[in-house]
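**Q** I have a structure here, written as structure tokens, and I will follow up with some questions on it.
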Amino acid sequence: MKKKKQRPQGFGEMKRGAGSPTSAKTGKSTKEAEITYGALVEEARICWMSGRTQEVISLLREAIAVNPKHPQAYYNLGNVLRGGDLQAAIAYYRKAIAMDPNHPEVYVNLGNALREQDDLQGAIDAYRQALTIKPTIQGLHFHLGNTLMEQGDLQGAIGTYRQALAIKPNHPEACYVLGIALEGSGDLQGAIGAYRQALAIKPNYPKANISLSTVRLLLGDYEDGWDLYEWRFRREKGSIQPHAHPQVERWDGHNLASG
């Protein structure tokens with residue numbers, strides 16, 4: 001399965017950690033430090049929204065210097081750095097978690113960063129930790145299933161996709177990838193059921209139609225299988241190249257021996 005890069009979430013609201021009595025950098029009182037910290041984070045948020053990345057990084061680092069015990073700045077700095085420095089982003093996510101381990105969104109973004117770094121087991125562990133905090137994150141079950149698929153754990157992926165569908169049954173992509181995992185595990189009838197479920201939700205779904213066709217062809221149902229296989233020509237432009245002479249009539253799946 002092709003790995004998709006997950007965009008980091010924006011500036012998230014997190015519970016305040018224990019504030020330091022004074023700023024490590026300026027010696028300000030707690031109240032003054034909190035006001036300064038809040039102003040810096042808000043200014044960083046505005047810069048983030050306008051795409052001024054370097055300013056965001058500088059402001060968040062200044063906020064951390066003012067209040068080094070607040071996890072939100074570490075988390076947001078991780079989000080910003082993930083676009084260019086994965087290792088630093090991962091380190092900041094881990095610092096945020098060390099200060100307050102009860103925020104699933106931090107584990108999700110940590111998992112996404114680890115997955116981009118090809119640390120699949122690390123990503124799986126992070127996703128699972130997020131789900132222990134909030135088990136009903138449907139999209140997270142989906143990402144976990146995809147990562148288990150990449151790791152080759154088909155049975156783990158199948159169970160995880162089913163959990164995703166228990167939360168949101170009308171998710172055609174989850175039905176489709178469940179079919180892929182079932183097909184890979186050798187459960188062709190189960191795969192057919194999953195692909196059909198995807199198509200019941202989204203009839204004009206080329207990938208599900210094509211995958212259903214290949215299973216039908218494997219099972220010897222050439223007429224229906226080949227008819228569905230024609231969906232390959234409805235995929236996005238450029239995703240398939242012609243492989244026969246344009247004047248050759250397309251086969252319709254009938255028994256060629258019968259004339």
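**Q** What distance in nm lies between label points placed 7 Å from Cα along the C-beta direction at Thr53 and Arg128?
**A** Spacing of the two 7 Å Cα→Cβ label points: 3.3 nm.
**Q** Within 10 Å, count the other beta carbons around each residue, average over each peptide in 67-75, 114-122, and list them highest first. Before the final figure, lay out each step's value.
**A** Numbers: 67-75: 24.0, 114-122: 16.4.
By packing density, highest mean first, the sequence is 67-75, 114-122.
**Q** Report the gain in length on full extension from Ile167 to Leu218: 0.36 nm times residue separation, minus Cα-Cα distance, nm rounded to one decimal.
**A** 15.2 nm
**Q** So how do 175-182, 87-94 stack up, highest first, on mean other-Cβ count within 10 Å? All intermediate terms of the calculation are to be shown ahead of the outcome.
**A** Working: 175-182: 25.0, 87-94: 19.8.
Highest-to-lowest ranking by the protection proxy: 175-182, 87-94.
**Q** Related question: Put a dot 7 Å past each Cα toward the Cβ at Leu188 and Lys202; how far apart are the dots in nm?
**A** 2.6 nm
**Q** While we're here: Between the stretch 65-136 and the stretch 140-214, how far is it from one alpha carbon centroid to the other, in angstrom?
**A** 27 Å
**Q** Take the Cα of Glu32, step 7 Å along the line toward its Cβ, and report every residue of the stretch 70-101 whose backbone nitrogen sits under 20 Å from that point.
**A** 70
Values quoted throughout were computed directly from the atomic coordinates according to the rules given, and no laboratory measurement underlies them. Keep in mind that this is a model prediction, so the values were computed, not measured. Quick reminder, even Gly has a Cβ in these numbers, built from the backbone with ideal geometry, and neighbours come from all protein chains shown.
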